[in-house]
Amino acid sequence: MNKELLKNTVAHLMSPGKGILAADETPSNIGKKFAALHIENTPENRQKYREMLFTTLGMEEYISGVILQDETIYQRTKDGVSFPEYLKDKNILSGIKVDLGLEPISEGSQETITKGLDGLGERLEKYKKYSAKFAKWRSVIYIDSETCLPTEKAMQLNAKGLADYAYTCQLHDIVPIVEPEVLMDGNHSIETSYKVTSDILDKLFKALVEKGVFLEGVLLKPNMVIPGLMCANQVDPGIVANKTIQCFRENVPAETSGIVFLSGGQRDDLSIKHLALMNQHNDLPWKLSFSYGRALQRQALTAWKGQDQNLQAAQKAFLEQARLNSLATLGQIY
């Protein structure tokens, strides 16, 4: 484990005013987004879409890293340059989604565990040859008061899985992004979100420390503390920011180098405002930034619609979202 290399990678990803583009949708997931816009879900169209994003002039001013997917890391621009090499020339690091999706913890269970630990080391070595410097692994925590979710078992298993993944990444000198996502789905209150987020973060960091993970070489990708989407009491952005910061001060060790939030289905403007308000807090022990997929891409995809003539408009939309999120990392609200 090269701790200095891990720290250098983290420092690059957490460069002031910059964040991470999550472009790691699987072919099936991106197909759902394409279908809504009547775009055929083919490898060619997926390649054109990612190229539209990556070749946006000036994105390097706001984006420090891009999370790729197994298909995407091997794709090339129309000029024949591999995506990782193209991004490297723009001083943007390539990352890679290494989990293999979710499966039920037990037969008939609503709760899930993340697949992919078997053979992870071999996959990491393969991706390193394609310039991957960091990785991502997502676990999902469900809230459902009627069925008493989440269970202690689910949180423990997912925390352990994230720790095992993170340690394996660091043994291969790849920075792990650990993502314990508490889903917004449901009608739960912000207080319930706070409790569940606190519980999973507490268990996660205990598991990371027990496994021997180097915390200065880890990035945390969490949800914000937000009421469920169906909750009748949707709260002010300032409350979300304050609750999230309080939760993280109580559960995230100061040695953790950075927190890159997921947007989790929030409206684009709210994900930006929440992040900006959090960055207005003083004396935070860690840097706060973004690792957004939909909140960075949604407007660009809608503008593009799979049509070459819309390329410029789509890139303009993407760059503007990146700029606004960059301002949010500096505590500025547009």
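Quick notes on this structure:
- Restricting region 136-157 to residues that are part of a helix (DSSP H, G or I) and touching a Lys or Arg at 6+ places or on another chain (Cβ under 8 Å), the residue that is farthest from Q110 (Cα to Cα): Q156
- Region 273-295 - residue that is assigned to a helix (DSSP H, G or I) and modelled with pLDDT under 95 and, of those, surrounded by the fewest Cβ atoms within 10 Å (Cβ to Cβ): R294
- Screening K203 against (1) farther than 21 Å from K97 by Cβ; (2) part of a loop (DSSP other than H, G, I, E, B); (3) modelled with pLDDT of 95 or more leaves a single unmet condition, (2).
- Condition met for E103 (in a helix (DSSP H, G or I), farther than 20 Å from F134 by Cα, acidic (D, E) and under 23 Å from the mean Cα position of the chain (by Cα)): no
- The residue of region 264-304 that is farthest from V178 (Cα to Cα), among those that are touching a strand residue (DSSP E or B) at 6+ places or on another chain (Cβ under 6 Å), of a type in the set (S, T, N, Q) and touching a residue at least 60 places away in the same chain (Cβ under 8 Å), is S289.
- In the set (1) farther than 30 Å from R76 by Cα; (2) buried (at least 21 other Cβ atoms within 10 Å of the Cβ); (3) within 19 Å of the chain's Cα centre (by Cα), A154 fails one condition alone, (3).
- Every residue from region 228-250 that is modelled with pLDDT under 95 and either within 17 Å of E181 (Cβ to Cβ) or of a type in the set (F, W, Y) (or both): G228, L229
- Filter pass, A328 being buried (at least 18 other Cβ atoms within 10 Å of the Cβ), under 19 Å from V66 (Cα atoms) and under 15 Å from the mean Cα position of the chain (by Cα): no
- On inspection, G212 fails the criterion of being more than 21 Å from M14 (Cα to Cα), small (G, A, S) and in contact with a Gly (Cβ under 9 Å, 6 or more places away or on another chain).
- Unmet requirement for R76, which otherwise passes all of (1) surrounded by 13 or more Cβ atoms within 10 Å (Cβ to Cβ); (2) of a type in the set (D, E, K, R); (3) in contact (Cβ under 8 Å) with a residue 40 or more places away in the chain: (3)
- Residue in region 107-125 that is surrounded by 20 or more Cβ atoms within 10 Å (Cβ to Cβ) and within 21 Å of F83 (Cα to Cα) present: yes
- Just one residue in the set L53, L93, L100 is surrounded by 14 or more Cβ atoms within 10 Å (Cβ to Cβ) and either more than 30 Å from Q309 (Cα to Cα) or out of contact with any helix residue (DSSP H, G or I) (no Cβ under 9 Å at 6 or more places or on another chain) (or both); that residue is L100.
- Meets criteria (among the β-branched types (V, I, T), under 22 Å from the mean Cα position of the chain (by Cα), closer than 14 Å to K203 by Cα and surrounded by 16 or more Cβ atoms within 10 Å (Cβ to Cβ)) for V175: no
- Taking helices (runs of 4 or more DSSP H) as the structural unit, those lying wholly within region 22-91 and holding at least 2 residues that are modelled with pLDDT of 95 or more and in contact with a strand residue (DSSP E or B) (Cβ under 9 Å, 6 or more places away or on another chain) correspond to 43-54, 83-89.
- Only one of R298, R249 that is farther than 22 Å from I63 by Cβ and either surrounded by fewer than 21 Cβ atoms within 10 Å (Cβ to Cβ) or touching a helix residue (DSSP H, G or I) at 6+ places or on another chain (Cβ under 7 Å) (or both): R249
The values are calculated or read from the model by the stated rules, or taken from the named source; none is laboratory data. It should be emphasised that the depicted structure is a prediction, and the values quoted were computed from it without experimental measurement. Cβ atoms come from the backbone with ideal geometry, glycine included; neighbour counts cover every protein chain shown.
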